[in-house]
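Just below is one structure, and these are the notes that go with it.
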Amino acid sequence: MSALGRFAPSPSGRIHLGNILCALLVWLSAKQKDGEVLLRIEDLDTARCPKKYADQMCADLHWLGLDWDIGPGVGGSERSYYQSERSAIYQAVLEELKRRDLVYPCFCTRAELHAASAPHREDGQVVYAGTCRTLSTSEVQERTKLRTPALRLKVPEETWAFTDGHMGTYEENLAKDCGDFLLRRSDGMFAYQLAVVVDDAAMGVTEVVRGADLLPSTPRQLYLYHLLGRTPPKFYHFPLLLTSDGRRLSKRNADAGLDLLAERMTPEEILGKLAYLAGFNPSAEPKGVREWLADFDWAKVPMQDICIPAGLFLKRN
Ligand code: GLU
């Protein structure tokens, strides 16, 4: 089977340097194996990710030369490559997990979840204490009258380890480090963990390249692959881009967005500088994506977060 990589952005604004680096690494990692690239729009949160942002993202990727072989505009074997149009598929998987008694309703409010005593993960997320796991059928009926519940997956007291293609071995104990995690929110929105696994499996993705902020999600996703009897893809997590003073890039860093970058630089200049930060372009020389195929090597990509030197892209910090 030939490699199939995917770029799966959640377009909640204009594409920025972090997304562009991700798309570049997805593209190079797959194409170097003579593989293909799939684009999937992760717009489950339709209020934050309206269609116009997805359209803009597609236009921006074309401008950068980061084309895709399967997905919006080019098609493929799936009916849609927009998560907002795939709810029936997620619902069917949820029903299967419910039939196997792996799912339970959770009525906890945000305030209850974030109570001071709740254990927090390193990434700031709360480890769910399992409060609603033991509710009786009558308690569930009573509470459902007052509030629509979220749905959680029961996780076992098991450690799940994997070898990342770039970051090495990573493991978490599902019960202690993650807790029972959300499959559907109380407002009906399917959770990222469920949708991403269902989609990557359905679409035949063989390699997932994404930022290291999603490394801690991977053991949960591997557990879902196991429950669904599907072979997981190979994972490659790459370091995050930081401002020159060490902060995560955010919407406030307007000059990391393509709005301003495209006014000042060509696609080749942008890709050349990103290739420099990612370790496979010693001189920040501008080149188009195809020209990086010979130089790209995961072994050259740093493991630690990358500070963008002041002046390289960003005018300020
Ligand atoms: N949609 C997610 C994001 O934009 C990425 C999901 C993934 O790569 O697994 O952060």
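The values are calculated or read from the model by the stated rules, or taken from the named source; none is laboratory data. This one's a predicted model, so the numbers in the text were calculated from it and none came from an experiment. As a convention, Cβ positions derive from the backbone with ideal geometry for all residues, glycine included, and neighbour counts pool all protein chains shown.
Report whether or not residue 24 is crowded, with 23+ Cβ neighbours inside 10 Å and away from the ligand (no atom under 13 Å from the Cβ).
Yes.
Any idea which residue in the range 218-252 is farthest from residue 18 (Cα to Cα), counting only those that are away from the ligand (no atom under 13 Å from the Cβ) and crowded, with 21+ Cβ neighbours inside 10 Å? For the range 218-252, the residue satisfying everything is 223. For residue 196, the conditions (1) within 15 Å of the ligand (Cβ to nearest atom); (2) surrounded by fewer than 17 Cβ atoms within 10 Å (Cβ to Cβ) are fulfilled apart from (2). The residues listed here are 177, 187; of these, the one that is out of contact with any strand residue (DSSP E or B) (no Cβ under 8 Å at 6 or more places or on another chain), modelled with pLDDT under 95 and away from the ligand (no atom under 15 Å from the Cβ) is 177. The set of residues from the range 280-304 being part of a loop (DSSP other than H, G, I, E, B), in contact with a Gly (Cβ under 8 Å, 6 or more places away or on another chain) and of a type in the set (D, E, K, R) comprises 285, 287.
Restricting attention to the range 34-46, does a residue exist that is over 23 Å from residue 165 (Cα atoms) and of a type in the set (Val, Ile, Thr)? For the range 34-46, residues over 23 Å from residue 165 (Cα atoms) and of a type in the set (Val, Ile, Thr): present. Listed by first and then second residue, the pairs linking a residue in the range 263-277 that is of a type outside the set (Asp, Glu) to a residue that is surrounded by fewer than 21 Cβ atoms within 10 Å (Cβ to Cβ) and assigned to a helix (DSSP H, G or I), with Cβ atoms under 7 Å apart and 6 or more places separating them unless they lie on different chains, are 267/63; 271/289. Among the criteria (1) under 30 Å from residue 176 (Cβ atoms); (2) crowded, with 18+ Cβ neighbours inside 10 Å; (3) hydrophobic (A, V, I, L, M, F, W, C), the one residue 49 does not fulfil is (1). Is it fair to say residue 29 is of a type in the set (S, T, N, Q), within 14 Å of the ligand (Cβ to nearest atom), buried (at least 16 other Cβ atoms within 10 Å of the Cβ) and outside any loop (DSSP other than H, G, I, E, B)? For residue 29, the condition - of a type in the set (S, T, N, Q), within 14 Å of the ligand (Cβ to nearest atom), buried (at least 16 other Cβ atoms within 10 Å of the Cβ) and outside any loop (DSSP other than H, G, I, E, B) - is met. Does any residue of the range 62-85 turn out to be buried (at least 18 other Cβ atoms within 10 Å of the Cβ), small (Gly, Ala, Ser) and part of a loop (DSSP other than H, G, I, E, B)? Yes: one or more hits. Among residues that are in a helix (DSSP H, G or I) and surrounded by 16 or more Cβ atoms within 10 Å (Cβ to Cβ), residue 271 is included. Taking the criterion of being aliphatic (A, V, I, L, M), within 16 Å of the ligand (Cβ to nearest atom) and either surrounded by fewer than 21 Cβ atoms within 10 Å (Cβ to Cβ) or within 21 Å of the chain's Cα centre (by Cα) (or both), would at least one residue in the range 150-169 satisfy it? For the range 150-169, residues aliphatic (A, V, I, L, M), within 16 Å of the ligand (Cβ to nearest atom) and either surrounded by fewer than 21 Cβ atoms within 10 Å (Cβ to Cβ) or within 21 Å of the chain's Cα centre (by Cα) (or both): present. Scoring residue 92 on the criteria (1) within 14 Å of the ligand (Cβ to nearest atom); (2) modelled with pLDDT of 95 or more leaves a single failure, condition (1). Name the residues in the range 1-17 that are buried (at least 20 other Cβ atoms within 10 Å of the Cβ) and within 12 Å of the ligand (Cβ to nearest atom), would you? Result: 5, 6, 7, 8, 9, 11, 15, 16. Checked against (1) within 15 Å of the ligand (Cβ to nearest atom); (2) more than 27 Å from residue 300 (Cβ to Cβ); (3) surrounded by 16 or more Cβ atoms within 10 Å (Cβ to Cβ), residue 202 passes all but condition (3). Within the range 38-58, can you find the residues that are more than 13 Å from the ligand (Cβ to nearest atom), outside any helix (DSSP H, G or I) and hydrophobic (A, V, I, L, M, F, W, C)? 47 - this is the single residue of the range 38-58 that is more than 13 Å from the ligand (Cβ to nearest atom), outside any helix (DSSP H, G or I) and hydrophobic (A, V, I, L, M, F, W, C).
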